[in-house]
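The structure appears below as structure tokens.
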Amino acid sequence: MTLTETVQPRIDTHLLTELPHFFGGFRASVRELLQNSIRAGATHIQFETTDHGFSVQDNGHGLDDPQLLLTAARSGWGAHVTDPAGLGILSLLNPEWSSAVTFRSKDWSFTLTPEQFMRADKTEVQHSEAVLQGFRVEVQLHRPQNLKETLQDLRIDADEQDIYVTLNGESTGQVAPFNGLLIETDAGRVILSERLYSVQIDWEKLSVPADKLRILLKEDPLIEALLSRYGLRLYPKSGSGIRPKLPDRESVIHNEALETAAIQITAALRERVLQEARDWAANRVDISEESIRHAGRDEVPHTLLTNNVTSLALKELGYQRVRSESLNVEINIDDDGDKYNDLPGNHSCDFTLRPTRRCGSEHWLTQEALLRGHGGLPLVSLDGDGEEWSPSITAHTHQLIPPQVPGGFEIVLADDLRLDGCSVPFAVCETSGVVYLQRREDGSDVPRAILDAAGTLALQRVILTDETGDYDPLEEYFDLHEPDSRITGRDIGRLLQEQLRATLKADEVERERQLEVLNRELRRLTELERIIQNTAAELGAQAQAAALLDRLAGKRQAVQEEVQSLKQETA
């Protein structure tokens, strides 16, 4: 028995018969042609169909040594190409659909059949004086292939000004940059787009399906909900270790680098989604199922907030689904002129909610959400020792706005309004009845929805603290003497709005008052003119009335000019 002293890696010639089968069929071969042209710096890649197959020619830098094409694992691309396998061009010699392939570049050309390649036959290289710019491949097919559909499926992430691909002289339409929502992650740039239908990785401007990455990302329920609407494309950072599976690059290797990338992408997407949910929920008076469904289509769109994503994000932020009562707080006068109130009883939470338009509507609320997003009037609530507890209101850099009318409320407009340290858009003091409002950062008016909600709390406080049931001093401003009359939270909200405008926009309010006076004068003059015209017609005294009508027209013209001047000042 002969002992083997050493061993050495070798490749049997039988491998040549299997190399063309390493690739995933015709699509993978066309992909290799495109990728080689892109690597060669081509800006124009021309495909042409022929009677027996097709050809492709590019304007890249070409190839000097034809032997590189037939030497496995020798690509000749250099260090600028990541993970060249040196096998791609061999996929064209697949006997299942190819009968012969001709390669041309520079001053050389040769033709090879799949059978010759498998036998490792020597093939004569032809030389000519004419020099071909770029690289050309002519493929003879013995089984028809859909080249047009294959090209359109292989989208190139570039501008047509950079790379132009044609089939029989017409653009294939496959070259276009991927547009969508760009998010930077530690793994690389990520683009989310509804036009993508999968998770993929960019590899030299062509996409590599990344099912393994998709599975890893969908382990997080929030990201799974996000990917139910959006496709994802990752542009890995150089040296990330993320690699496509060779030789055809039709999938991604599941390695530690891919798992790390999934963690980094998940973290970045979660941060972005939760921040959008925070921004969307902040200062919202009503967070209902309907508003959740339309979160992504708000006036200021939150692109990632689809229905399922928003629901999951709110849960992670501490919101819980509860069925709220209908808090239509009102003071009513019955047919006998007696006052009564419509005030809900105890609640399961420590702070009142805003009134809902529909009984039993679904809301996403927690005590933290009420504190942060809704303000509130403390009802009877107990701390851990069973003692009554009331939250404290703090208003930094505030402006006091006194009541402008009898029955009005004292308003404190604050740059930083907090209820037990939590930022809130409004609050109502239980003891004093002062209405606290958060000043808008952009200087805009406090939204009417917030004023109505604050008005509801203020009205509820009046009902809770007025032991007489007379509800003074509200009846000094509202008419509570007629049967079926009532006061609602919206009425108080309107009163608060008028009070704010009277103080903060006094000039505007004064101009509006002047406009109303002038408009009343215009209506009076118009009616007087009509009366004079009718009277003159009845008496046949048009001539006598003409001078008076001229004077009225002049006065009306002067009033109209004043109206126009005031409107211009307002604008």
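The values are calculated or read from the model by the stated rules, or taken from the named source; none is laboratory data. Because the structure is predicted, anything quoted here is derived from the model rather than measured. All Cβ positions, even for glycine, are placed from backbone atoms using ideal geometry, and neighbour counts span all protein chains on display. Accessible surface is based on the protein model in full, side chains and every heavy atom, while ligands, DNA and RNA are left aside. Shrake-Rupley method; radii C 1.70, N 1.55, O 1.52, S 1.80 Å.
Brief remarks on what is shown
- Within the shell of other residues whose beta carbon sits under 11 angstrom from the beta carbon of Arg39, the net charge comes to -2, with Lys and Arg scored +1 and Asp and Glu -1.
- Per-peptide average of other Cβ atoms within 10 Å, ordering 95-102, 513-520 highest first: 95-102, 513-520
- Probing with 1.4 Å while keeping every protein chain in the model, the per residue accessible area of region 164-205 equals 49 Å².
- What the phi angles of region 501-512 give under the Karplus curve with 6.51, -1.76 and 1.60, with θ = phi - 60°, is a coupling list of 5, 4, 8, 7, 10, 4, 4, 5, 5, 5, 5, 4 Hz, glycine and proline written as x.
- Charge dipole of region 185-249 about the Cα centre (unit charges at C-beta), most positive-ward option of Gly231, Ala210, Pro247: Pro247
- Pairs spanning more than 23 Å between alpha-carbon atoms, out of Lys212/Lys245; Lys205/Lys245; Lys212/Lys237; Lys148/Lys218; Lys205/Lys237: Lys148/Lys218.
- All other residues whose Cβ lies under 13 angstrom from that of Arg440 are scored, Lys and Arg at +1 and Asp and Glu at -1, for a net of -3.
- Taking the centroid of alpha carbons for each part, region 183-233 and region 530-547 are 82 Å apart.
- Between the amide H of Tyr164 and those of His44, Ile45, distances stay under 5 Å, these residues lying 5 or more places away or on another chain, with hydrogens modeled in the peptide plane.
- Environment charge of His142, counting only residues whose C-beta is closer than 15 Å and scoring Lys/Arg +1, Asp/Glu -1: -3
- FRET efficiency for the pair His61 and Ala268, taken as 1/(1 + (r/R0)^6) with r the Cβ-Cβ distance and R0 = 35 Å, rounds to 0.40.
- ³J(HN,Hα) computed for each position of region 44-50 - Karplus, 6.51 cos²θ - 1.76 cosθ + 1.60, integer Hz, glycine/proline x: 9, 10, 10, 9, 9, 8, 10
- In loop segments of region 117-191 as defined by DSSP, the GluC sites (Glu not before Pro) with at most 12 further C-beta atoms inside 10 Å of their C-beta are Glu124.
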